[in-house]
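Derivation of every value follows stated rules applied to the coordinates shown; laboratory data play no part. Predicted model, so just to flag it, every value in this text is computed and none were measured. Glycine also receives a Cβ, built like all others from the backbone with ideal geometry; neighbour counts cover every protein chain displayed.
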Amino acid sequence: MKKENIYILGIESSCDDTSAAVLCNDKVLSNVVAGQDIHAEYGGVVPELASRAHQQNIVPVVDQALKKAGITKGQLSAVAFTRGPGLMGSLLVGTSFAKSLAYGLNIPLIDVNHMQGHILAHFIAEENYAKPQFPFLAITISGGHTQIVKVSNYFDMEVLGETIDDAIGEAYDKSGKVLGLGYPAGPEIDRRAQLGNPKAYKFTKPKVKGLNFSFSGLKTSILYFVQREVKANPNFIEENLNDICASIQYTVIGIVMDKLKLAVKQTGISRIAIGGGVSANSGIRNALQEAKQKFGWTPYLPKLEYTTDNAAMIAIVGYLKYLENDFSDFDVMATSRLKI
Ligand code: KG4
Ligand code: ZN
């Protein structure tokens, strides 16, 4: 007997991207993301502006996702949405919309943990992409998160370590601000890093025990370093920008790789899956590819579309929960500090 197709609409609105995606089983039919340029002029996400933009974008984005997928609302099997973690005002827009739609269509509602979405995005069916085998380690690195998670099964996850202050993307973005780069600065630092000398300047790595991270000290040491050098030479930044970027990137990659080595040692697991916007970073990708040769690790580097905030990763969690009949009550609330 042929199995019935399951169509999941995923909705993501935890930070500054409004996204909707339609999956047929584990295949993506559409994944529409509306970013919000408005935050660039403020040098960071402004929560109040983000929720207003979600309110404006949510209906057209969902509409476009359904059209691109070539299906109607009536064909949907369930609506999955990001419950948290994230900005409360932003989460409320997606949550309320998802509830209303599922209620109106009389179909199941499925709440999704955004961090599980980043991890389970690796289970989206893609040509030439081998899904990770359990158990594996997931490292989620973005503007909002930095976590190492042991994944024993789809919904059996344990956070082994996380940042105790800034996220890794914030370290990039805040260092970029000090250097006069636009927001977000991660991609520009990465581009320049490839043109500079990674050992030109030395920044000390934070000393955090175990598998936790800290990035606020690094940001401060970069700030003091730049202030000192600019005092001696007002053109210091322009004259050495590529080298500064390369040195920052070298330090950040060192921090990430040290923690991953420790995690592999502690768990005996060497399958490493990455997620989050910073996983676009060329240095981190190269370091993981090198680790494949050097240490025999198996890295999983998915398409960038599924690593930055997007609704396909929410819909795949929705699909996996649907298979287990794990549905939400309609009184489910957005939760800004939701844990894995
Ligand atoms: O996942 P994402 O799109 O949004 C969230 O923060 O949840 O990640 C955005 C972050 C920003 O901090 C941005 O600077 C960083 O990812 N980023 C990068 C690169 N591309 C994006 N950081 C370093 N290197 C990159 N190539
Ligand atoms: Zn995210």
Sum of -39500 (n - 2.57) over DSSP H runs of 4+, divided by residues of the chain (222 nm, nearest 500): -14000 deg cm²/dmol
When DSSP assigns beta bridges and you keep just the ones with both residues in segment 11-152, what percent turn out antiparallel, to the nearest 5? 70
Helix 47-69 versus the longest principal axis of the chain: what angle, 0 to 90°, nearest 10, using Cα atoms? 50
In order over segment 159-171: 3J(HN,Hα) from phi, Karplus 6.51/-1.76/1.60, θ = phi - 60°, whole Hz, x for each Gly or Pro, gives 6, 8, x, 7, 6, 9, 9, 6, 7, 4, x, 5, 4
List the extent of the Cα atoms of segment 224-306 along each of their three principal axes, largest first, rounded to whole Å. 49, 30, 20
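Counting only DSSP beta bridges with both residues in segment 136-302, tell me the antiparallel percent, nearest 5.
Values: 12 of 20 bridges.
That works out to approximately 60 percent antiparallel.
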Distance in nm between GLN56 and ASN325 label points, each 7 Å along Cα→Cβ, equals 4.5
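Report, in debye and to the nearest 20, how large the dipole of segment 136-302 comes out about its Cα centre when Lys and Arg carry +1 and Asp and Glu carry -1 on their Cβ. Please report the intermediate quantities before stating the final value.
Details: 20 positive and 15 negative charges, 107 e Å.
Taking the Cα centre of segment 136-302 as origin, the dipole is about 520 debye.
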Suppose the chain between ILE6 and ASN153 were pulled fully straight at 0.36 nm per residue; how much longer would it get relative to their current alpha carbon spacing? 50.8 nm
Using a Gaussian network model of the chain whose springs link C-alpha atoms within less than 10 Å, name the residue from PRO132, PRO234, PRO187 with the highest mean-square fluctuation. PRO234
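Rounded, prolate or oblate: which one fits segment 1-155, using the alpha carbon gyration tensor with axes a ≥ b ≥ c (rounded when a/c is under 1.5, else prolate when a/b beats b/c, else oblate)? Walk me through the numbers before you get to the answer.
Details: a/c = 1.80, a/b = 1.10, b/c = 1.63.
Since a/c reaches 1.5 but b/c is at least a/b, the shape of segment 1-155 is classed as oblate.
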Of LYS209, LYS231, LYS177, the most mobile residue in a GNM of the chain (C-alpha springs, cutoff 10 Å) is LYS231
Equivalent ellipsoid semi-axes, the chain, via Cα gyration tensor eigenvalues times 5, rooted, Å: 36, 23, 16
Check the straight Cα-Cα distances from LYS67 and name the lysines below 20 Å, setting aside those fewer than 8 residues away within the same chain. LYS27
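If eta is 1.567 mPa s and T is 4 °C, what Stokes-Einstein diffusion coefficient results for segment 30-109, Kirkwood Rh from Cα pairs, in µm²/s? Each step should come with its number before you reach the end.
Details: Rh = 13.7 Å.
The estimated diffusion coefficient comes to 95 µm²/s.
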If you restrict to DSSP beta bridges whose two residues both lie in the chain, what percentage is antiparallel, to the nearest 5? 60
For q values of 0.23, 0.30 Å⁻¹, compute log₁₀ I(q)/I(0) with the Debye formula on a Cα-only model of segment 208-264, without solvent. -0.92, -1.22
Can you give me the P(r) profile for segment 95-190? Cα pairs, bins 5 angstrom wide beginning at 0, each as a whole percent. 3, 11, 15, 14, 14, 16, 14, 9, 3, 1, 0
Once you list every other residue whose beta carbon is under 15 Å from the beta carbon of ALA102, what net charge do they have if Lys and Arg are +1 and Asp and Glu are -1? 0
When ranked by the protection proxy of mean other Cβ atoms within 10 Å per residue, highest first, what sequence do the peptides 150-156, 83-89 form? 83-89, 150-156
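Might you report the magnitude of the Cβ-based charge dipole of the chain about its Cα centre, with Lys and Arg at +1 and Asp and Glu at -1, to the nearest 20 debye? Display every interim value, and only then the final one.
On the way: 34 positive and 33 negative charges, 196 e Å.
For the chain, the charge dipole is close to 940 debye.
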Build a GNM of the chain with springs between Cα atoms under 10 Å: which of LEU195, LEU260, LEU49 gets the top mean-square fluctuation? LEU195
Take SER214, SER100, SER19 and order them by how many other Cβ atoms sit within 10 Å, fewest up front. SER100, SER214, SER19
Of GLU127, GLU305, GLU48, GLU170, how do they rank once you tally other Cβ atoms within 10 Å and put the fewest first? GLU127, GLU48, GLU305, GLU170
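Which entries in the list LYS209/LYS259; LYS207/LYS261; LYS177/LYS219; LYS205/LYS303 go over 19 Å, if you measure between the two C-alpha atoms of each?
LYS205/LYS303
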Provide Rg and Dmax in Å for segment 152-293, with only Cα atoms included in the calculation. 15.9, 55
